[in-house]
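Have a look at the structure below before the remarks.
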Amino acid sequence: MVTAARGRTRWGLVLAILGVPVLVLGGMVVGLFLWALSDGDDPRAGGKATVPCAEALRFGAAERPADAQTGSCTVQQGIDTAYAAVLRMPREDVRGWLRETYPDAPEIRTGGTCGALCLDVTHEDGLPGTAEAHVVQVRVEYENAETAVVRYSAFTM
């Protein structure tokens, strides 16, 4: 009759053999969670991506004013799509550009919480049929006596 050494059982060998797959599987699960959390920069996962400003403006049926300098332009996609553009242009040209781009839109608002000028346009109140966006929001701040910073966003809902 063969007996195990006193104080030792075969469970130590079994636990050692089972421990390796458990550690490997645990590492894979932790890796999967870390990978899922790192998708913040992926536009398909809701992260922002840089795009040409013409694309951002076109989504809301607008064109870049001839005298505007473009800044950063981004898109963020998830359930909805949101484009954002930052433009710098002469203060005196902002109202004309907005009226020409959105002739059927509500009146441009001034002051208050929106900055120097604000415009919100939807399909129900003046957004052109060529727009892919459901809403366009424009916020204008005066940088100095000659220059306006235009923050343009066009998004679906």
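The values are calculated or read from the model by the stated rules, or taken from the named source; none is laboratory data. Owing to the predicted nature of the structure, the values given are computational and were not obtained by experimental measurement. Heads up, the Cβs are rebuilt from the backbone with ideal geometry, glycines too, and the neighbour counts pull from every protein chain shown. Protein only, heavy atoms only, side chains kept; ligands, DNA and RNA dropped before computing areas. Shrake-Rupley method; radii C 1.70, N 1.55, O 1.52, S 1.80 Å.
Taking 0.36 nm per residue of separation and subtracting the current Cα-Cα distance, fully stretching the chain between Glu63 and Asp93 would add 9.4 nm. At the residue level, Met89 shows approximately 0 square angstrom of accessible surface with a 1.4 angstrom probe and all protein chains present. Derived from the Cα gyration tensor, the three semi-axes of the equivalent ellipsoid of region 36-157 are 25, 17, 13 Å, largest first.
A Förster radius of 41 Å combined with the Cβ-Cβ distance from Leu23 to Asp80 puts the calculated FRET efficiency at roughly 0.50. Counted by Cβ distance under 14 Å from Asp125, the other residues give a net charge of -3, where Lys and Arg count +1 and Asp and Glu count -1.
Peptides 51-63, 96-108, ordered by how many other C-beta atoms sit within 10 Å of their residues on average, highest first, read 51-63, 96-108.
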